Amino acid sequence: MTVEFETGLPSVRQIQNMIREEKEVELKLTTGDLLAGKISWQDPHCISLTDQYDQPTIVWRQAIVYLKPRM
């Protein structure tokens, strides 16, 4: 089954801007974990977050409670 990636959605566009601007973000997961880093890429199912040690973490979108720019 192929899932269409809807690039017109505001959330997708906002994340693309964060990728382009290489912004630090904070992700809160449904487990309560808090992740920080820069988003490398996104697809319909996952977001790849690279931390300060250049370690990538792939996070399923359904596991995300919120995503926000870090101050």
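Which members of segment 6-16 meet the condition of being over 11 Å from the mean Cα position of the chain (by Cα), open to solvent by 60 Å² or more (accessible area, probe 1.4 Å) and of a type outside the set (A, V, I, L, M)? Let's see the steps before the verdict.
First, pick out the residues of segment 6-16 that are over 11 Å from the mean Cα position of the chain (by Cα): 6-10, 13.
Going one step further and asking which of them are open to solvent by 60 Å² or more (accessible area, probe 1.4 Å), we end up with 6-7, 9-10, 13.
6, 7, 10, 13 - these are the residues of segment 6-16 that are over 11 Å from the mean Cα position of the chain (by Cα), open to solvent by 60 Å² or more (accessible area, probe 1.4 Å) and of a type outside the set (A, V, I, L, M).
Tell me which of these residue 26 doesn't satisfy, since it passes every other one: (1) among the charged types (D, E, K, R); (2) open to solvent by 60 Å² or more (accessible area, probe 1.4 Å); (3) at pLDDT 95 or above.
Evaluating residue 26 over (1) among the charged types (D, E, K, R); (2) open to solvent by 60 Å² or more (accessible area, probe 1.4 Å); (3) at pLDDT 95 or above leaves (2) as the failure.
Hey, can you tell me all the residues within segment 29-56 that are open to solvent by 60 Å² or more (accessible area, probe 1.4 Å), within 10 Å of the chain's Cα centre (by Cα) and either of a type in the set (Gly, Ala, Ser) or under 19 Å from residue 71 (Cβ atoms) (or both)?
38
The values are calculated or read from the model by the stated rules, or taken from the named source; none is laboratory data. Since the model is a prediction, treat every value here as computed from it, not as a measurement. Note that we place each Cβ from the backbone using ideal geometry, even for glycine, and neighbour counts take in every protein chain shown. Accessible surface areas use protein heavy atoms only, side chains included; no ligands, DNA or RNA. Shrake-Rupley method; radii C 1.70, N 1.55, O 1.52, S 1.80 Å.
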